[in-house]
Amino acid sequence: MTAKPPASEGFLTTEEVLEYLQVNLRTVYRLIKNKSIPAVRVGRQWRFKKSDIDAWLEGRKGGAARPARQGPPRLLLVDDDEGTRILLTKMLERHYQVETAVDGHGALAALRREGAAYDLMISDLNMPGMDGISLIREAKVIRPDLPVIIITGYSTEKSAIDAVNLRVAGYLTKPLKDTQVLEAAARALGAPAA
């Protein structure tokens, strides 16, 4: 029988890891099984050392650090639903400079024009023409170090695993809460939550 890790070592519960990584339970179990994420079995529960999770996330990011910028970070928001775009833009522009694209092709055109200017991309997963996963693959060719957050109303285990494999900074499911989006954006940008 394994002893419970001391709280002073900064261990997280499964629920805390779900919130921290912004993924679902099945994805966490898949990551444990594939030994992609360090975990310790404590009785019938898993514990995760926060420093190990942070090191794993840092290793998934890769690339060089973004240069410092004056003014608010610049986000590219991609969603084919006008209502969602308007709501997220209003929410995010309190803290960030937000530009939008209505689909994956428009986002890629913006990235080709001004890729280095963006600090973060937030993209819907299900869009006509080019889905969010395909967009991220193409975007990573243009800007390998660009952090990306996926938002979706139709989450599947496969899409969540694809997102993790593409090193997304967050995977949020609708309906979205203001705090959830702002915390994910701040974490992706390496800043304290706004």
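Among the residues making up region 144-194, those that are among the β-branched types (Val, Ile, Thr), farther than 18 Å from Thr89 by Cα and not in a loop (DSSP other than H, G, I, E, B) are Ile161, Val164. Select from region 92-140 the residues that are of a type in the set (Asp, Glu) and either over 28 Å from Lys158 (Cα atoms) or in contact with a Ser or Thr (Cβ under 8 Å, 6 or more places away or on another chain) (or both) and write down the one among them that is surrounded by the most Cβ atoms within 10 Å (Cβ to Cβ). Only one residue fits best here, namely Asp124.
Within region 126-147, the residues that satisfy the criterion of being touching a helix residue (DSSP H, G or I) at 6+ places or on another chain (Cβ under 8 Å) and without any contact (Cβ under 8 Å) to a residue 40 or more places away in the chain are Asn126, Gly129, Met130, Asp131, Ile133, Ser134, Ile136, Glu138, Ala139, Ile142, Arg143, Leu146. Scanning region 142-163 for residues that are basic (Lys, Arg) and surrounded by 13 or more Cβ atoms within 10 Å (Cβ to Cβ) gives a single hit, Arg143. Contact map, region 78-93: first residue in the same structural domain as Met130 (by TED's automatic domain parsing) and in contact (Cβ under 8 Å) with a residue 12 or more places away in the chain, second residue in a helix (DSSP H, G or I) and loosely packed, with under 15 Cβ neighbours inside 10 Å, Cβ cut-off under 6 Å, separation 6 or more or different chains; pairs are Met91/Asp178.
The values are calculated or read from the model by the stated rules, or taken from the named source; none is laboratory data. The model shown is predicted, which means the values in this text are computed figures rather than measured ones. Every residue, glycine as well, gets a Cβ built from its backbone with ideal geometry; the counts of neighbours run over all protein chains shown.
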